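Asker: This is the structure, below, for whatever I ask next.
The values are calculated or read from the model by the stated rules, or taken from the named source; none is laboratory data. These numbers come from a predicted model, not from an experiment. Counting neighbours? That spans all protein chains shown, and the Cβs are built from the backbone with ideal geometry, glycine included.
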Amino acid sequence: MSRADKIHTDILRFAFKVELARGASFIASTLSPESTAAAVAEVLESFVVDRGPDGLEDFRTLLIQELKKRRCVNAAQVVDTYSRIRLS
């Protein structure tokens with residue numbers, strides 16, 4: 001990752017700080033695959049309602065990273081799969 005890319009990512013992480021913390025916490029707290037899928041849908045769709053679709057791909061990427069940091073690899077995969085299906 002270049003220095004410019006890292007700076008861009010840091011700016012986005014700061015801009016989405018509240019949404020990332022809330023979304024990752026909500027998704028990580030789910031107990032079943034069904035509740036995880038529902039939480040992912042709610043978080044991503046709420047982001048679009050609140051901020052519009054333009055930043056969704058960047059938010060999705062950062063959310064996946066945040067979930068992996070929390071050792072929620074399965075939830076990160078659900079975010080990735082959900083986004084690919086919805087964005088196709």
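Asker: Quick one: in the range 9-23, of everything that is surrounded by fewer than 18 Cβ atoms within 10 Å (Cβ to Cβ) and either in a loop (DSSP other than H, G, I, E, B) or of a type in the set (Val, Ile, Thr) (or both), which residue is modelled with the lowest pLDDT?
Answerer: Restricting to residues being surrounded by fewer than 18 Cβ atoms within 10 Å (Cβ to Cβ) and either in a loop (DSSP other than H, G, I, E, B) or of a type in the set (Val, Ile, Thr) (or both), the top hit is Thr9.
Asker: Among (1) buried (at least 18 other Cβ atoms within 10 Å of the Cβ); (2) assigned to a loop (DSSP other than H, G, I, E, B), which single condition is Arg71 missing?
Answerer: Going through (1) buried (at least 18 other Cβ atoms within 10 Å of the Cβ); (2) assigned to a loop (DSSP other than H, G, I, E, B) one by one, Arg71 breaks only (1).
Asker: Next question. Is there a residue being part of a helix (DSSP H, G or I), surrounded by 14 or more Cβ atoms within 10 Å (Cβ to Cβ), modelled with pLDDT under 95 and basic (Lys, Arg) anywhere in the range 48-57?
Answerer: yes
Asker: If the requirement is being over 14 Å from the mean Cα position of the chain (by Cα) and surrounded by 13 or more Cβ atoms within 10 Å (Cβ to Cβ), which of these qualifies: Thr30, Thr61?
Answerer: Of the residues listed, the single one that is over 14 Å from the mean Cα position of the chain (by Cα) and surrounded by 13 or more Cβ atoms within 10 Å (Cβ to Cβ) is Thr30.
Asker: While we're here: Test Thr36 against the stated conditions and say whether it is in contact (Cβ under 8 Å) with a residue 40 or more places away in the chain, out of contact with any Asp or Glu (no Cβ under 6 Å at 6 or more places or on another chain) and more than 14 Å from Gln65 (Cβ to Cβ).
Answerer: yes
Asker: So, in the range 40-58, of the ones that are under 11 Å from the mean Cα position of the chain (by Cα) and among the aliphatic types (A, V, I, L, M), which residue ends up nearest to Asn74 (Cα to Cα)?
Answerer: Once the filter is applied, the top-ranked residue is Val40.
Asker: Answer with yes or no whether Ala4 is assigned to a helix (DSSP H, G or I) and either surrounded by 11 or more Cβ atoms within 10 Å (Cβ to Cβ) or in contact (Cβ under 8 Å) with a residue 60 or more places away in the chain (or both). Reasoning before the result, please.
Answerer: Details: assigned to a helix (DSSP H, G or I): yes; either surrounded by 11 or more Cβ atoms within 10 Å (Cβ to Cβ) or in contact (Cβ under 8 Å) with a residue 60 or more places away in the chain (or both): no.
No.
Asker: Answer yes or no: is there a residue in the range 29-45 that is small (Gly, Ala, Ser), at pLDDT 95 or above and not in a helix (DSSP H, G or I).
Answerer: Yes, the range 29-45 contains a residue that is small (Gly, Ala, Ser), at pLDDT 95 or above and not in a helix (DSSP H, G or I).
Asker: Can you pull out every residue in the range 9-24 that is of a type outside the set (D, E, K, R) and farther than 15 Å from Lys68 by Cα?
Answerer: Hits for the range 9-24 are Thr9, Ile11, Leu12, Phe14, Ala15, Phe16, Val18.
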